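Chemist: The structure under discussion is supplied below as structure tokens; questions concerning it will follow.
Please treat every number below as a calculation from the coordinates, not as lab data. Because the structure is a prediction, the values reported are computed rather than measured. Heads up, the Cβs are rebuilt from the backbone with ideal geometry, glycines too, and the neighbour counts pull from every protein chain shown.
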Number of protein chains: 2
Amino acid sequence: MAESADATLSSADADPAYREAVVDLLGVIAYGEISAFERLAEDAKLAPTLADKVDLATMASTELTKVHALSDRIRELGADPFVAMEPFREPLDEFHRHTAPADWYEGLVKAYVGDGLANDFYREIAAYLDPATRDLVITSMETGTHAAFVVDRVRAAIAEDHRLHGRLALWGRRLMGEALTQAQRVAADRDALTALLSGGVDRPGLDLAAMGRMFTRLTERHMERMGELGLDA
Amino acid sequence: MAESADATLSSADADPAYREAVVDLLGVIAYGEISAFERLAEDAKLAPTLADKVDLATMASTELTKVHALSDRIRELGADPFVAMEPFREPLDEFHRHTAPADWYEGLVKAYVGDGLANDFYREIAAYLDPATRDLVITSMETGTHAAFVVDRVRAAIAEDHRLHGRLALWGRRLMGEALTQAQRVAADRDALTALLSGGVDRPGLDLAAMGRMFTRLTERHMERMGELGLDA
């Protein structure tokens, strides 16, 4: 579909293939926020103090509030937001099922690393979008200042219990592996979305080498984040 | 403590007994929001559609965002917000344990009726507060437009299944009874908070007759809300 001769970067409304890709992209981001809300709200139950619980619950609420602007834009593009989200429920739910935290600290690392990885990926994709959609995607990535509390808590816990360091480092690798597995599944299923990245005849995209460099960047940023938490990636 | 000669309505900072009562009040409201967040996030799992889930999760997030302004004000009054919330955890958790919804519709009725009842009660108390605290309490009561979706969903469900009507009407009475039980428990435990309502030598309060009228008003509004949902109270 990306071969469409009138494909254009200027407006999501002009080209059906491009519009389909944007609806897919906004749908996956929106469902990602909903499932992040659900997981963070669930993980907040593991909080050792009421203050910690409020911090994680606030992260959950921040994710959820972004769903509304994404849904509005999907409606403007003539699609039903919940229909748009549907294809991504299974892979995202599967990701969360496979990465249910065993304790509070695994939950914190997941919140930080998972959110960061998703945001990096969407930011990469944003480069291939029209300005209006790009702004919306970038805005929905803003995580606020809540992430700082995760860094504090995890670093303090590792300093106190060195065995936690090894377990959480392993956990970070598992999160990355599971995220890649589900991302590949989505890429294989959603032609329009994949075509957005690989470009069209009149639209620049990523060749295999560029795709490889993108994954290298994502991996490097993941390693940086693990480093911020005081963990080896 | 309400007999304090310098008790004043003009500032929560002036009189220790009044300040203690305000810290209690803001503490119970704040923990009420946290526990409402937890219950609504949990009940959202029962949603029959993704759209319904987002609506209930949005109600949950709205409750949580109010916690921050309440916590800030408790800090201004020289208290730790989480210490202030602590005495109310057990009665509020107990309320939620005793009123765990059996299905999606019980969850919706609870969200609507429970939130409304709490707001009415805090609005009654607000009349006895200094203007700054009163504004904060009134602001934290604003529920937005999310409640409308509850009315729509419950009315539609009752129209389709008449047996649901009787079950939900009974459920509404149980919610009211359990709320009164826990409110009495709080009143018995928290002298400063109770003294706020009963007044002091230089401060008007509620005598028993006025207290009775207040409960009559709360009950009437509860019945109105049940009526809005299409249920007999």
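Chemist: For B:Ala209, which inter-copy label distances result when the label point lies 7 Å beyond Cα on the Cα-to-Cβ vector, reported in nm to one decimal and in ascending order?
Modeler: 9.2
Chemist: Further, regarding this structure: Using θ = phi - 60° and the Karplus relation 6.51 cos²θ - 1.76 cosθ + 1.60, list the HN-Hα couplings for segment A:183-188 in order, rounded to whole Hz, with x at every Gly or Pro.
Modeler: 5, 5, 4, 5, 4, 5
Chemist: How far apart, in nm, are two points set 7 Å out from the Cα along the Cα-to-Cβ line at A:Ala102 and at B:Lys45?
Modeler: With each label placed 7 Å out from Cα toward Cβ, I get 2.1 nm.
Chemist: Using only the alpha carbons, work out the radius of gyration and Dmax of chain A in angstrom.
Modeler: 18.2, 60
Chemist: Sorted from shortest, what are the nm distances separating the label point of B:Glu90 from equivalent points in the other copies, each placed 7 Å from Cα along Cα to C-beta?
Modeler: 5.0
Chemist: What's the lysine pair count for the protein assembly as shown at a Cα cut-off below 21 Å, pairs eight or more apart or interchain?
Modeler: 20
Chemist: Further, regarding this structure: Determine the sum of side-chain charges near B:Ser35: Lys and Arg each +1, Asp and Glu each -1, restricted to other residues whose C-beta is under 14 angstrom from that of B:Ser35.
Modeler: -4
Chemist: Got the A:Arg134 label distances to the other copies yet, label 7 Å along Cα→Cβ, in nm, shortest first?
Modeler: Spelled out, the distances from A:Arg134's label point are 5.2 nm.
Chemist: What's log10 of I(q)/I(0) for the protein assembly as shown at q = 0.07, 0.14 Å⁻¹, Debye sum over Cα points only, no solvent?
Modeler: -0.44, -1.28
Chemist: I've got another one for you. Given charges of +1 on the Cβ of Lys and Arg and -1 on the Cβ of Asp and Glu, with all other atoms neutral, how large is the dipole of chain A about its Cα centre, in debye to the nearest 20?
Modeler: Charge dipole of chain A: 660 debye, to the nearest 20.
Chemist: Follow-up. Could you work out which residue, out of B:Gly114, B:Gly172, B:Gly212, moves most in a Gaussian network model of chain B, that is, has the largest mean-square fluctuation with Cα springs under 10 Å?
Modeler: In this elastic network of chain B, the residue with the biggest mean-square fluctuation among B:Gly114, B:Gly172, B:Gly212 is B:Gly212.
Chemist: Using a 10 angstrom cutoff on alpha carbons, build the Gaussian network for chain A and name the most mobile of A:Arg173, A:Arg221, A:Arg97.
Modeler: Taking springs between Cα atoms under 10 Å, the residue moving most is A:Arg97.
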